[in-house]
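Quick one: this structure, given as structure tokens, is what I'll be asking you about.
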Amino acid sequence: MANDQTRAAGGKRPRPLSPHLQVYRLPVTALSSITHRATGVALSVGTLLLVCWLVAAANGPAAFASVSAFIGSPIGMVLLFGWSLALFYHLGNGIRHLFWDAGHGFDIATAEKSAYAVIAFAVGATLLAWIVAFAVLGGR
Amino acid sequence: MSDNTSSLRSPLGRARGLGSAKDGTHHWWAQRVTAIALIPLLLWFVASIVSLAGAPLPAVQAWIASPISAVLLLSLIVAVFHHAQLGLQVVIEDYVHAEGVKLVLLLAVKGAAWLFGGIAAFSVLKIAFGG
Ligand code: HEM
């Protein structure tokens, strides 16, 4: 096993190198992993929006009107859209995690396929939810 | 206690460094149980919210107050805040290594989960019991 790396390491067995992050393109599986964490944290914060909504509904017309106005504003819509996308991503990828926990789909080829499947599900489910929501809104 | 002779660290100091030896599996399992519960609860919740888009307050209140919604909402609140607290704990433990800061953050997340979960649950109950 006397390749260049072994020789560079002074004849010892080559140690695994950690990727040089500025020139290394993360594989989709690594991206999907860190995105699960990022969406988990974002959803935890975003859930406070749910709390605001419930508190406002319990509080009465004035509070409900201002929370509704915020949610309907451009910033509110962007936040809600982000929340829904993060939710569907994390939900889909969470199911992927549960399959792994049960011992399935852990080989690299399957893990790559399921990463793309989760992205497709997240985008599709988010668009579907918003299309239906706007249809409901238009029908009122 | 015989290893005290070979190490200057007290048994408590060593235990602190290693963490509890019995909590990990329970934490891991609770994260999975809440995740499984959240799948149907969140799909139901999103579908309901979508169908309530632009609905006036009385319609929203009537939906929250109906027995099925109220019970499912309370379950969702418990599962979400428990799951979020367990998840944020792992994130904090991975990145924060100063013992004091870590302890404060872990307590803050636990406290926030209890507090906001309690506020959310109280709001549902208030609407359901016509407060
Ligand atoms: C609003 C809802 C949710 C919030 C706030 C949330 C939050 C979090 C957070 C903060 C983490 C920790 C991330 C990490 O350690 O990297 C996490 C992990 C996890 N979540 Fe969620 N989550 C939500 C919904 C869901 C749903 C619906 C599922 C469905 C399967 C799910 C499955 C998981 C799993 C399996 C993990 C563990 C991942 C691991 O071991 O690295 N979560 N979640």
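The values are calculated or read from the model by the stated rules, or taken from the named source; none is laboratory data. All values derive from a computational prediction rather than experimental measurement. A quick note on method: Cβ atoms are made from the backbone with ideal geometry, for glycine too, and the neighbour counts reach across all protein chains shown. Note: accessible area is taken over every heavy atom of the protein model, side chains too, but ligands, DNA and RNA are not part of it. Shrake-Rupley method; radii C 1.70, N 1.55, O 1.52, S 1.80 Å.
Over the whole of B:119-126, what's the average partner chain Cβ count within 10 Å per residue? Rounded to a whole number, please.
Working: counts 6, 9, 2, 3, 9, 3, 1, 5.
Mean partner-chain Cβ count within 10 Å for B:119-126: 5.
May I ask for the accessible area buried between chains B and A, both sides summed, probe 1.4 Å, to the nearest 100 Å²?
It comes to approximately 2800 Å² buried between B and A.
Mind giving me the nanometre distance, one decimal, between the label points for B:Trp114 and B:Trp44, set 7 Å out from Cα along Cα→Cβ?
My value for the distance between the label points is 2.8 nm.
Are there any helices in chain A, counted as whole DSSP H runs, that stretch 27 Å or more along their axis by Cα and score at least 1.6 on average by Kyte-Doolittle, and if so which? Before the final figure, lay out the partial values.
Values: long enough: A:28-59 (45 Å, 1.36); A:74-101 (39 Å, 0.83); A:108-138 (45 Å, 1.70).
Span-like helices here: A:108-138.
Averaged per residue, what accessible area in Å² does the stretch B:17-131 show with a 1.4 Å probe, protein chains only? Can you show the working numbers first?
Details: 6420 Å² over 115 residues.
Heavy-atom SASA per residue in the stretch B:17-131 reads 56 Å².
For chain A, modelled as a GNM with alpha-carbon contacts under 10 angstrom, which of A:Phe106, A:Phe81, A:Phe70 fluctuates the most?
The residue that fluctuates most here is A:Phe70.
In chain B, which helices (entire DSSP H runs) extend 30 Å or more along their own long axis, judged by Cα positions, while averaging at least -0.5 on the Kyte-Doolittle scale?
Working: long enough: B:24-51 (40 Å, 1.04); B:67-95 (42 Å, 1.39); B:99-128 (43 Å, 1.55).
For chain B, where a helix must reach 30 Å along its axis and average at least -0.5, the hits are B:24-51, B:67-95, B:99-128.
To the nearest whole number, what is the average tally of beta carbon atoms from other chains within 10 Å of the beta carbons of peptide A:53-64?
Counting Cβ atoms of other protein chains within 10 Å of each residue's Cβ and averaging gives 5.
May I pose another question? What is the mean number of Cβ atoms from other protein chains located within 10 Å of the Cβ atom of each residue in peptide A:35-45, rounded to a whole number?
3
Just to make sure I understand: if all protein chains stay in place, what is the order of A:Trp53, B:Trp28 by accessible area at 1.4 Å, largest first?
B:Trp28, A:Trp53
Moving on. Among B:Ala47, B:Ala37, B:Ala120, which one shows the highest mean-square fluctuation when chain B is modelled as a Gaussian network with alpha-carbon springs under 10 Å?
So, out of B:Ala47, B:Ala37, B:Ala120, the one fluctuating most is B:Ala47.
Could you state how much accessible area B:Asp94 has, in square angstrom rounded to the nearest 10, with a 1.4 Å probe and all protein chains kept in place?
Using a 1.4 Å probe on the heavy atoms, I get roughly 80 Å².
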